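The values are calculated or read from the model by the stated rules, or taken from the named source; none is laboratory data. For clarity, every value in this text was computed on a predicted model and none was experimentally measured. Don't worry about glycine lacking a Cβ; one is built from the backbone with ideal geometry, like all the others, and counts go over all protein chains shown. Calculation scope for accessible area: heavy atoms of the full protein, side chains included, ligands and nucleic acids excluded. Shrake-Rupley method; radii C 1.70, N 1.55, O 1.52, S 1.80 Å.
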Amino acid sequence: MTRRSPLIDDRALRYVLAHSREHPVQAALREATRSHPLASMQIGADQGALLALLARLIGARRTIEIGTFTGASALAVALALPADGHLLACDISDEFTRVGRPFWQRAGVAHKIELVLQPALATLDARLAAGEAGTYDFAFIDADKTEYDGYFERCLQLLRAGGLIALDNMLWGGAVARRSSDPETQALQALNDKLLRDERVDTVLLTVGDGVTLARKR
Ligand code: CA
């Protein structure tokens, strides 16, 4: 299942990826993930560069990631964080995240990443209950599409004003633009519609990768 923007052809996409900056360890992790049956779930080099740039732009220090898979997005963001930066990585798969952990070590960012293996909603609720609302700068949402709205609502509470949420796969291969009975497509359509009118955030839907929505907390 390759989910890329339907708006760019393969040749142009290869050009974009070839002109996206990566740390050597990021390239090595990409290579290590290539043979995985779900390798297309990994973010592209362009998305990694975007997340890193955004984290730097807003001076992010405390960040959240929902959906770690084999660790590429966590690596991209952790490399962009200051030495005392922190990334709360939420996933349910030990098998997938185990692929990425040695690469976090090799890149010297493992100490910044706290990986919590349980459903992300439970992790986020626990952090809210612990009084961490308003204490995070940045969140990247890239897990179960039918839970996106729940992830978004919790991240919005956990972020400070001016903090940024990035949501991946908001185009879903272009499926969101068509009528659909698929629960994942419908969940993304509902969230796109909601975000268009949500007064709590400033938003833009970018055609990077498979669609990345940025939402800045007001
Ligand atoms: Ca994704």
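Results, tabulated for the structure shown:
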item	result
Residue in the range 80-96 that is assigned to a helix (DSSP H, G or I), among the polar types (S, T, N, Q) and open to solvent by less than 30 Å² (accessible area, probe 1.4 Å) present	no
Single condition Gln105 does not satisfy, out of (1) open to solvent by 50 Å² or more (accessible area, probe 1.4 Å); (2) within 16 Å of the ligand (Cβ to nearest atom); (3) within 19 Å of Pro24 (Cα to Cα)	(2)
Per-region count, the range 112-135, residues open to solvent by less than 60 Å² (accessible area, probe 1.4 Å) and assigned to a helix (DSSP H, G or I)	9
Residue list for the range 202-218, restricted to those being touching a residue at least 60 places away in the same chain (Cβ under 8 Å), away from the ligand (no atom under 14 Å from the Cβ) and not in a loop (DSSP other than H, G, I, E, B)	Leu214, Ala215, Lys217
Extreme residue, surrounded by the fewest Cβ atoms within 10 Å (Cβ to Cβ), among residues of the range 165-201 that are in a loop (DSSP other than H, G, I, E, B) and touching a residue at least 12 places away in the same chain (Cβ under 8 Å)	Glu199
Residue list for the range 52-68, restricted to those being open to solvent by less than 10 Å² (accessible area, probe 1.4 Å), farther than 20 Å from Asp149 by Cα and either within 16 Å of the ligand (Cβ to nearest atom) or among the β-branched types (Val, Ile, Thr) (or both)	none
Hits in the range 36-79 (condition: of a type in the set (A, V, I, L, M, F, W, C), in contact with a Ser or Thr (Cβ under 6 Å, 6 or more places away or on another chain) and in a loop (DSSP other than H, G, I, E, B))	Ile43
Meets criteria (more than 16 Å from the ligand (Cβ to nearest atom), open to solvent by less than 50 Å² (accessible area, probe 1.4 Å), modelled with pLDDT under 95 and more than 17 Å from the chain's Cα centre (by Cα)) for Ala28	no
All positions within the range 108-148 that are over 30 Å from Ala28 (Cβ atoms) and touching a residue at least 60 places away in the same chain (Cβ under 8 Å)	Leu124, Thr135
